[in-house]
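Undergrad: Can you keep this structure in mind? I'll have questions shortly.
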There are 2 protein chains.
Amino acid sequence: MTNIEPLREFVSGFTRLFETHLDAASIQKAGAELLKTLVSHDDWLPETYTRPHPERYSQYLLHCDPLERFSVVSFVWGPGQKTPLHDHRVWGLIGMLRGKESETQFTRRDDGSFEKGGTDFLEPGEVAFLAPGVNDYHLVANALPDQTSISIHVYGANIGGVSRAVYDETSGTEKTFISGYSSEDVPNLWDRSRSKAA
Amino acid sequence: MTNIEPLREFVSGFTRLFETHLDAASIQKAGAELLKTLVSHDDWLPETYTRPHPERYSQYLLHCDPLERFSVVSFVWGPGQKTPLHDHRVWGLIGMLRGKESETQFTRRDDGSFEKGGTDFLEPGEVAFLAPGVNDYHLVANALPDQTSISIHVYGANIGGVSRAVYDETSGTEKTFISGYSSEDVPNLWDRSRSKAA
Ligand SMILES: [Fe+3]
Ligand SMILES: [Fe+3]
Ligand SMILES: [Mg+2]
């Protein structure tokens, strides 16, 4: 069995960042340090939230701030799985936990069409940033042909409820969507009876 | 399928009470109104969190505030199930959702022994209060011999992590315990893609 404590510490710490009344960019930056610590070990994610779906990538909610100021999601990529080109409209962090992910960035021209940028590969322990108006358009894929990859995403809102868009790479045609989540449950972070002596 | 929205509204509303910097008694009182609304309809609790265990009552965590200022727990009582005499050491609210619960209160004498007080019966929609130093000792039981009863408890801390005690009713002998929770998951309150149009 995994020990959920690192995720609990991450969620508590991230919540406390909002108590300091920092601006969004400072929260994202300080949060990236917390995420780096979280993904520096791959021993805490419960098995339920690591399971690939045979047909599409999974987005398991791990925690949503009750005031919906941020959310934490486990992205599980089976072999060959990838997103379409999409945006977020809120800040984001990607922390690589297991396997390898490729992220291809795009910029949008004034006529609405897209220009393909570079492709980065994320390795376990690495953290990448997203910000609206800076680098909000990308396409993410499992970079491993024969293994599951898992990354932990953090967003500056309840991403499962944000109305945003996927795009056709060549025409730039946009389609609005709300991503939702792959599971009706989230992990219980709060059972301290398992680690505390009574 | 149930609609989780009433529980989401309850959790958001309760969290916002802490933003007002009210004292604990005022939070408990305002929270009791929110709980009354929550248990006024029995159509929102996912089936997973309504299942009785054959041998003992279940305590399913529904939500824990990430700063551990409050927690929300579904107590599921099979026929004949009851707690021992116990305390809480933080404020509590009990909202009856389904079936019928009996609550027997106790007061503690200076010599540590207990005096049995009255027994109240809670019916669906009703809310009871607990407070340390006022009425912190009780014994709760399913009041129905042949049906499951369910009540929603709210506490002024992460109750699954509070070190507190059970007591022998006659000798007053105390035994420390941490109650923990019956499930490794909690319900996902945050999938707004199910109710919002994209
Ligand atoms: Fe993305
Ligand atoms: Fe109790
Ligand atoms: Mg790289």
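The values are calculated or read from the model by the stated rules, or taken from the named source; none is laboratory data. Every value quoted in this text rests on a predicted model; they were computed, and no experiment measured them. Cβ coordinates were reconstructed from backbone atoms using ideal geometry, including for glycine residues, and neighbour counts include every protein chain displayed. All accessible areas refer to the heavy atoms of the entire protein, side chains included, with ligands and DNA or RNA removed. Shrake-Rupley method; radii C 1.70, N 1.55, O 1.52, S 1.80 Å.
Undergrad: Could you do me a favour and compute the accessible area per residue for the protein assembly as shown, 1.4 Å probe, result in Å²?
TA: Per residue, the protein assembly as shown has an accessible area of 44 Å².
Undergrad: Something else: If you roll a 1.4 Å probe over the range B:2-95 with all protein chains in place, what percent of the accessible area is carbon or sulfur?
TA: 52
Undergrad: I'd like the FRET efficiency for B:ASP43 and B:ARG89, computed as 1/(1 + (r/R0)^6) with the beta carbon distance as r and R0 of 30 Å, rounded to 0.05.
TA: Rounded to the nearest 0.05, the efficiency is 0.35.
Undergrad: Can you give the average number of partner chain beta-carbon atoms within 10 Å of each beta-carbon in peptide A:177-186, as a whole number?
TA: 6
Undergrad: Under a 5 Å amide H to amide H cut-off, with H placed in plane at 1.01 Å, what residues pair with B:HIS63 once short-range neighbours are removed?
TA: Amide H to amide H, under 5 Å and 5 or more residues apart or across chains, B:HIS63 pairs with B:VAL72.
Undergrad: Calculate the dipole size of chain B relative to its Cα centre from +1 charges on Lys and Arg beta carbons and -1 charges on Asp and Glu beta carbons; express the result in debye to the nearest 20.
TA: Computed charge dipole of chain B: roughly 320 debye.
Undergrad: Let me ask something else. So, with +1 on the Cβ of K and R and -1 on the Cβ of D and E, and no other charges, what is the size of the charge dipole of the range B:130-198 about its Cα centre, to the nearest 20 debye?
TA: The dipole of the range B:130-198 has a size of about 440 debye.
Undergrad: Quick check: the distance between the Cα centres of the range B:1-72 and the range A:111-165, to the nearest angstrom?
TA: First find each Cα centre; the distance between them is then 34 Å.
Undergrad: If you don't mind, another one. Rank B:LEU67, B:LEU130, B:LEU38 by mean-square fluctuation in a GNM of chain B with C-alpha springs under 10 angstrom and give only the top-ranked residue.
TA: Fluctuation is largest for B:LEU67.
Undergrad: Could you tell me which residue out of A:PHE70, A:ILE152, A:PHE114 lies farthest along the dipole of the range A:1-154 toward its positive end? Charges go on the beta carbon: Lys and Arg +1, Asp and Glu -1, centred on the Cα centre.
TA: Going by the Cα projections, it comes out as A:PHE114.
Undergrad: Keeping all protein chains in the complex and leaving out DNA, RNA and ligands, what accessible area do you get for A:HIS63 with a 1.4 Å probe, in Å² to the nearest 10?
TA: A:HIS63 exposes around 20 Å² with every protein chain in place.
Undergrad: Then there's this: Karplus couplings for the range B:73-87 from phi (6.51 cos²θ - 1.76 cosθ + 1.60, θ = phi - 60°), rounded to Hz, Gly and Pro as x?
TA: Per residue, the Karplus-derived 3J(HN,Hα) values read 10, 8, 8, 10, 10, x, x, x, 7, 7, 8, x, 4, 8, 10 Hz.
Undergrad: Another one. What FRET efficiency comes out for the pair B:GLU19/B:SER163, r = Cβ-Cβ distance, R0 = 30 Å, nearest 0.05?
TA: The computed FRET efficiency comes out at 0.60.
Undergrad: Moving to a separate point now. If you count, for each residue, the other Cβ atoms within 10 Å and average over each peptide, how do B:117-124, B:162-169 line up from highest to lowest?
TA: Per-residue Cβ counts within 10 Å, averaged per peptide and sorted highest first, yield B:162-169, B:117-124.
Undergrad: Say we join alpha carbon atoms closer than 10 Å with springs in a Gaussian network model of chain A; which of A:ASN142, A:ASN158, A:ASN188 then has the biggest fluctuation?
TA: A:ASN188
Undergrad: Which net charge results for the neighbourhood of B:PHE121, defined as the other residues with beta-carbon distances under 11 angstrom from its beta-carbon, given Lys and Arg at +1 and Asp and Glu at -1?
TA: -4
Undergrad: If we hang a label 7 Å off Cα along the beta carbon direction at B:SER12, how far is it from the matching labels on the other copies, in nm, shortest first?
TA: The projected label point of B:SER12 is separated from its counterparts by 2.7 nm.
Undergrad: What is the helix-to-structure angle for A:5-19, meaning the angle in degrees between its Cα long axis and the longest Cα principal axis of chain A, kept from 0 to 90 and rounded to the nearest 10?
TA: 70
Undergrad: I'd like to know which of B:ALA32, B:HIS53, B:ASN3 lies farthest towards the positive end of the charge dipole of the range B:1-81, counting +1 on Cβ of Lys and Arg and -1 on Cβ of Asp and Glu.
TA: B:HIS53
Undergrad: Residues of A:139-149, mean number of Cβ from any other protein chain within 10 Å of their own Cβ, rounded to a whole number?
TA: Going residue by residue through A:139-149 and averaging, the value is 0.
Undergrad: In chain B, which residue puts its Cβ closest to the axis that turns chain B onto chain A, and how many whole Å away is it?
TA: Per the B/A rotation axis, the closest residue of B reads B:ASP185, 2.
Undergrad: Once you've got the GNM for chain A with C-alpha springs shorter than 10 Å, pick whichever of A:ILE152, A:ILE27, A:ILE94 has the biggest mean-square fluctuation.
TA: The residue with the greatest mean-square fluctuation here is A:ILE27.
Undergrad: With charges set only on the Cβ (+1 for Lys and Arg, -1 for Asp and Glu), what does the dipole of the range A:78-183 come to about its Cα centre, in debye to the nearest 20?
TA: 260
Undergrad: Amide H of A:TYR57 versus every other amide H placed in the peptide plane: which residues, excluding those fewer than 5 positions away on the same chain, fall under 5 Å?
TA: Amide H to amide H, under 5 Å and 5 or more residues apart or across chains, A:TYR57 pairs with A:LYS82.
Undergrad: Amide H of A:PHE177 versus every other amide H placed in the peptide plane: which residues, excluding those fewer than 5 positions away on the same chain, fall under 5 Å?
TA: Hits under the 5 Å cutoff: A:ARG164, A:ALA165, A:VAL166.
Undergrad: Moving on. Counting only protein heavy atoms and rolling a 1.4 Å probe, how much accessible area do B and A lose on contact, total for both sides, in Å² to 100?
TA: Interface area, both chains combined: 3000 Å², rounded to the nearest 100.
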